[in-house]
1. Given the options Ser135, Ser128, name the one that is more than 18 Å from Ser43 (Cβ to Cβ) and either out of contact with any helix residue (DSSP H, G or I) (no Cβ under 8 Å at 6 or more places or on another chain) or surrounded by 17 or more Cβ atoms within 10 Å (Cβ to Cβ) (or both).
2. So which residues in region 175-215 are surrounded by fewer than 24 Cβ atoms within 10 Å (Cβ to Cβ) and hydroxyl-bearing (Ser, Thr, Tyr), if there are any at all?
3. Of all residues in region 126-179, count the ones that are of a type in the set (D, E, K, R) and either closer than 23 Å to His27 by Cα or touching a Cys at 6+ places or on another chain (Cβ under 8 Å) (or both).
4. What is the residue count in region 236-285 for residues that are basic (Lys, Arg) and in a helix (DSSP H, G or I)?
5. For region 32-48: of the residues being part of a strand (DSSP E or B) and away from ligand 1 (no atom under 12 Å from the Cβ), which is farthest from the chain's Cα centre (by Cα)?
6. Consider Pro57 against the criteria (1) away from ligand 2 (no atom under 16 Å from the Cβ); (2) in contact with a Lys or Arg (Cβ under 7 Å, 6 or more places away or on another chain): it satisfies all of them except one. Which criterion is unmet?
7. Could you figure out which of (1) within 17 Å of Arg348 (Cα to Cα); (2) surrounded by fewer than 24 Cβ atoms within 10 Å (Cβ to Cβ); (3) hydrophobic (A, V, I, L, M, F, W, C) isn't true of Ala218?
8. Tell me which residues, restricted to region 49-105, are β-branched (Val, Ile, Thr) and away from ligand 1 (no atom under 16 Å from the Cβ).
Amino acid sequence: MQMLSARIHQYQRPLVVERVPKPSNVHGEAVLVRVGAAGLCHSDLHLINGEWKDAIPLALPKIPGHENAGWVEEIGNTVPEGLFSKGELVAIFGGWGCGICTFCKRGDEQLCVAPQWPGLSQRDGGYSEYILVPSYRFLVKVPKKGRLTPEELAPLTDAGLTPYRAVKKVTHMLGPGTNIAIVGMGGLGAYGIQYARLLAPHSTVIAVDRKDKKLSLAENFGADRTVNSATTRNIRDEVLELTDGRGIDVVVDTVGAENTIADSVRMLAKGGALVVVGLFGSQIKIPLLPAIVNEYQVIASLWGNYNELKEVIELASQRKIKHAYQSFSLKEINQAIDQLRQGQIIGRAVIVP
Ligand SMILES: [Zn+2]
Ligand SMILES: [Zn+2]
């Protein structure tokens, strides 16, 4: 049996859409999932560009795609009976941990000491008609009440999960009268704004991006104020004006470029926190004296854990999260990649095999 997949054959080249053998070794805890949708992430661009080939050595060809949702197709023989049924809609948690290290045991399998992420390790990802999930432990059941579609679910497993963990880490800093800014209104930022709104209901929520089109999406998704970082004369002055001279208590940088980090630090209020989740640049550079004098906190946050994904899916099922995505077929995946590279995607690009 064969399946259609998009694979990296060579770095810095378009993906090759081709027929490959469908996984047939569905035994033990493994579950084969028919992919309903797979989100396209900036991390895929880094991977395809070969920028991570030392950090994440891959034996090519490889199927990327780490934001996946679909329907249970085949169930291994040691999966607890009755837990999943064929045809059931599931989201796939991407932190495929070993299950026994300290981080896995505390519930943070995305931080596992020997992680195997789909499409970002030796495991194939979801730009394919089927994906083999090594254990049912990585599947999240989807409540029926929200009638969520795979296109809505898939981005929740990363774009919709990473900013959730980031905002949750700092909710204790976000009482009435405080300000939170989300920098970058791409796939992650579009969700980040909504989590800021939901988890910090008495804070002022500010969206920062270089494109007005993305800032109007942020307004639709709950931002109180927006700042265009490309056209502002002075980002600190503008932010101080918007916040009555206070500055921003929490800045979540979903880009992680050196210039966005520099801007983010300049926006901070005294005692403020910078939470970095974006992986665009290579360093976090912060001026030392203001950092110490103002007791800035710098917090890094990676993806999210299984329970956080369950919470995100619960919020989505309650229809408390809005979705922004553009669908592409597997055959159109290279167009989607080009559009993402050029910053033309509003929300998330989603591949529907
Ligand atoms: Zn990602
Ligand atoms: Zn582990």
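All of the numbers you see were taken from the coordinates with simple rules; none came from a lab. The structure presented is a predicted model; accordingly, all values stated were derived computationally and were not measured. Here the Cβ positions follow ideal geometry from the backbone for every residue, glycine too, while neighbour counts run over all protein chains shown.
1. Details: Ser128 fails: more than 18 Å from Ser43 (Cβ to Cβ).
That would be Ser135, the only listed residue that is more than 18 Å from Ser43 (Cβ to Cβ) and either out of contact with any helix residue (DSSP H, G or I) (no Cβ under 8 Å at 6 or more places or on another chain) or surrounded by 17 or more Cβ atoms within 10 Å (Cβ to Cβ) (or both).
2. Within region 175-215, Thr178, Ser203, Thr204 meet the criteria.
3. So in region 126-179, the residues of a type in the set (D, E, K, R) come out as 129, 137, 141, 144-145, 147, 151-152, 158, 165, 168-169.
With the extra rule that they be either closer than 23 Å to His27 by Cα or touching a Cys at 6+ places or on another chain (Cβ under 8 Å) (or both), the set shrinks to 129, 137, 141, 158.
The number of residues fulfilling the criteria is 4.
4. Here is the first cut: in region 236-285, the ones basic (Lys, Arg) are 236, 246, 266, 270, 285.
Next cut, in a helix (DSSP H, G or I) only: 236, 266.
Counting residues in region 236-285 that are basic (Lys, Arg) and in a helix (DSSP H, G or I) gives 2.
5. Initially, region 32-48 is screened for residues part of a strand (DSSP E or B), giving 32-40.
With away from ligand 1 (no atom under 12 Å from the Cβ) added as a condition, the list becomes 32-37.
On the way: Leu32: 23, Val33: 20, Arg34: 21, Val35: 18, Gly36: 18, Ala37: 15 Å.
Among residues in region 32-48 that are part of a strand (DSSP E or B) and away from ligand 1 (no atom under 12 Å from the Cβ), the one farthest from the chain's Cα centre (by Cα) is Leu32.
6. Of everything listed in (1) away from ligand 2 (no atom under 16 Å from the Cβ); (2) in contact with a Lys or Arg (Cβ under 7 Å, 6 or more places away or on another chain), Pro57 misses just condition (2).
7. So the condition that Ala218 fails would be (2).
8. Initially, region 49-105 is screened for residues β-branched (Val, Ile, Thr), giving 56, 63, 72, 75, 78-79, 90, 92, 100, 102.
Once the filter is applied, which keeps residues that are β-branched (Val, Ile, Thr) and away from ligand 1 (no atom under 16 Å from the Cβ), region 49-105 yields Val72, Ile75, Thr78, Val79, Val90, Ile100, Thr102.
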